[in-house]
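Structure first, then comments.
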Amino acid sequence: MILPTFNRSGLIKSSLESVLSQSYPIAEIVVVDDGSSDDTEAVVAKFGNRVRYIRRENGGKNAAINTGLRLVHGDLVWIMDDDDLAPADALEKLVSPFAADPSTAISYGALQKFREDPETGAMRFEQTHPYPSEDERSFFIHVMEDCFITGQPCVLVRRSCYDAIFPLPEDKVISEDYAVLLLLARRWTATRVEGVTLFQRQHDGPRGPADIRYAADTRNARWSAADTELLRELLPDVAMGELVSRPASSEPGDALERRQAYFQKATIAARKKLWPDALRAVRDGVRQAPDAPLGAMDQLILSRMLGCRYGLDELIAAPGILNDLSAALAGLGARREAIACIAEPLPYLVRHQLAERDFRRALCLLRLYWRLTGWRQGSWLLINKASQKIFA
């Protein structure tokens, strides 16, 4: 195990206790201190020879992990965060796919967010969004759409995989976990295990390396911008075959598969707020097979277009993007069906904001829905969905 840390002496003790209490024994634990100025070294020293402590100059999380990768032995590598906790059976769950199938490259489990009660120290669990349902698309496609595996402690990776992408990109200091996950997902598939393998602590402490420390209340905006840049760099290099779960050297088989590839590219770009790229990909997709009906996979892909985990603020600020999206679909015979698929998440998002009593945002999202669908189609879709629930 590698545990990179920076100025978290008040939290790392709990993290280490959780990994030392695993039901599946850990062969070695290497703490890489990324230049802390607090008493991290003294805290780690209390664990004696059960933990190896290494100090280096501050360079960011991936730089610290690279140091750890040079030191650890063994065939499987688990990377723990210094502010999170591992359930006692986390490693046992993550190891199980490797024991069942020696060809396994990566396993991953779910996380549960929590906050610690400042008075009692009790864990208070918070709402945690479930992972997306597995489907026929590749692990790489799922990861490009969303960094749904939030945190490296959820993942156990064969050492040879890290060796193949070593060194990890040290220039990525925000969304650095995502940068690594994209590199892994592009080359290997992963096996999901049932159950929670990480308790992810929610707190208001600062984030990032020493030269760009940022407050917790700005993290979503920073992560969103960093995720956008990661896909801005990556997406032009992704082959069309990869967008339909084929090898990079393979091309889509026919016009329908090429359309699916372009729609997939559009959905990834839209979720990463790269709307010019998304609109271009939609237009390219329509040109491939304008008269063919939408298949089940086309519908699934399009229904995920407005599912960005960071919200739709850019559409609220510039709703005309949805007019451009509607225009990009103009040549498609199944245009109304495509719009219905794309609009599908919006009523749910409206209901969620109403439940949160954020009426202004709920109204903004409702306006986006009507702008995309039009009054007549939007009303019919809502009535049809309501009737399905009533008579189900």
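The values are calculated or read from the model by the stated rules, or taken from the named source; none is laboratory data. Source: prediction; values computed, not measured. With ideal geometry, Cβ positions are generated from the backbone for all residues, glycine too; neighbour counts draw on all protein chains shown. The accessibility values were calculated without ligands, DNA or RNA, using every heavy atom of the protein model including side chains. Shrake-Rupley method; radii C 1.70, N 1.55, O 1.52, S 1.80 Å.
For the stretch 258-283, the set of residues classified as charged (D, E, K, R) and open to solvent by less than 40 Å² (accessible area, probe 1.4 Å) consists of 259, 271, 272, listed by residue number.
Tell me whether the stretch 73-84 contains one or more residues that are outside any strand (DSSP E or B), out of contact with any helix residue (DSSP H, G or I) (no Cβ under 6 Å at 6 or more places or on another chain) and either of a type in the set (Asp, Glu) or open to solvent by 10 Å² or more (accessible area, probe 1.4 Å) (or both).
Checking the stretch 73-84: at least one residue is outside any strand (DSSP E or B), out of contact with any helix residue (DSSP H, G or I) (no Cβ under 6 Å at 6 or more places or on another chain) and either of a type in the set (Asp, Glu) or open to solvent by 10 Å² or more (accessible area, probe 1.4 Å) (or both).
Any residue that is at positive phi, open to solvent by less than 40 Å² (accessible area, probe 1.4 Å) and not acidic (Asp, Glu) - is there at least one of those in the stretch 97-113? Checked against the condition, which is being at positive phi, open to solvent by less than 40 Å² (accessible area, probe 1.4 Å) and not acidic (Asp, Glu), the stretch 97-113 yields no hits at all. Quick check on the stretch 264-280. Is at least one of its residues part of a helix (DSSP H, G or I), within 21 Å of the chain's Cα centre (by Cα), of a type in the set (Asp, Glu) and within 26 Å of residue 221 (Cβ to Cβ)? The answer is yes, given that some residue of the stretch 264-280 is part of a helix (DSSP H, G or I), within 21 Å of the chain's Cα centre (by Cα), of a type in the set (Asp, Glu) and within 26 Å of residue 221 (Cβ to Cβ). Of all residues in the stretch 31-42, exactly one satisfies the criterion of being open to solvent by less than 20 Å² (accessible area, probe 1.4 Å) and assigned to a helix (DSSP H, G or I), namely 40. Among all positions in the stretch 344-356, there is at least one residue which is within 25 Å of the chain's Cα centre (by Cα) and hydroxyl-bearing (Ser, Thr, Tyr).
Applying the criterion of being touching a Leu at 6+ places or on another chain (Cβ under 6 Å) and of a type outside the set (S, T, N, Q) to the residues of the stretch 1-30, the residue that is least open to solvent (accessible area, probe 1.4 Å) is 30. Of the residues contained in the stretch 90-102, one or more are found to be part of a helix (DSSP H, G or I) and acidic (Asp, Glu). Report yes if some residue within the stretch 289-298 is closer than 17 Å to residue 334 by Cα and among the charged types (D, E, K, R); otherwise report no. Yes, because at least one residue in the stretch 289-298 is closer than 17 Å to residue 334 by Cα and among the charged types (D, E, K, R). Consider the stretch 322-338 and keep the residues that are part of a helix (DSSP H, G or I) and open to solvent by less than 30 Å² (accessible area, probe 1.4 Å). The one that is nearest to residue 300 (Cα to Cα) is 338.
Whether a residue is on the phi < 0 side of the Ramachandran plot and free of Cβ contacts under 8 Å to residues at least 24 places away in the same chain was assessed, and residue 117 passes this test.
Taking residue 62 as the residue in question, decide whether it is open to solvent by less than 20 Å² (accessible area, probe 1.4 Å) and under 20 Å from the mean Cα position of the chain (by Cα). So residue 62 passes the test. Checking the structure you have, find out if any residue of the stretch 145-158 is open to solvent by 40 Å² or more (accessible area, probe 1.4 Å), assigned to a loop (DSSP other than H, G, I, E, B) and touching a residue at least 12 places away in the same chain (Cβ under 8 Å). Taking every residue of the stretch 145-158 in turn, at least one turns out to be open to solvent by 40 Å² or more (accessible area, probe 1.4 Å), assigned to a loop (DSSP other than H, G, I, E, B) and touching a residue at least 12 places away in the same chain (Cβ under 8 Å).
Results for (1) open to solvent by less than 60 Å² (accessible area, probe 1.4 Å); (2) out of contact with any Leu (no Cβ under 9 Å at 6 or more places or on another chain); (3) farther than 30 Å from residue 131 by Cβ; (4) touching a residue at least 24 places away in the same chain (Cβ under 8 Å), shown as yes or no for each residue.
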{"position": "309", "(1), (2), (3), (4)": "no, yes, no, yes"}
{"position": "319", "(1), (2), (3), (4)": "yes, no, yes, yes"}
{"position": "340", "(1), (2), (3), (4)": "yes, no, no, yes"}
{"position": "345", "(1), (2), (3), (4)": "yes, no, no, yes"}
{"position": "349", "(1), (2), (3), (4)": "yes, no, no, yes"}
{"position": "353", "(1), (2), (3), (4)": "yes, no, no, no"}
{"position": "367", "(1), (2), (3), (4)": "no, yes, yes, yes"}
{"position": "372", "(1), (2), (3), (4)": "yes, no, no, yes"}
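Selection of the stretch 108-139 for residues being closer than 30 Å to residue 299 by Cβ and assigned to a strand (DSSP E or B) yields 108, 109, 110, 111. Hey, does the stretch 29-44 have a residue that's modelled with pLDDT of 95 or more and at positive phi? Yes: the stretch 29-44 contains one or more residues that are modelled with pLDDT of 95 or more and at positive phi. Restricting to the stretch 226-239, and then to whatever is free of Cβ contacts under 8 Å to residues at least 24 places away in the same chain and not acidic (Asp, Glu), can you tell me which residue is surrounded by the most Cβ atoms within 10 Å (Cβ to Cβ)? Ranking the candidates gives 239 first.
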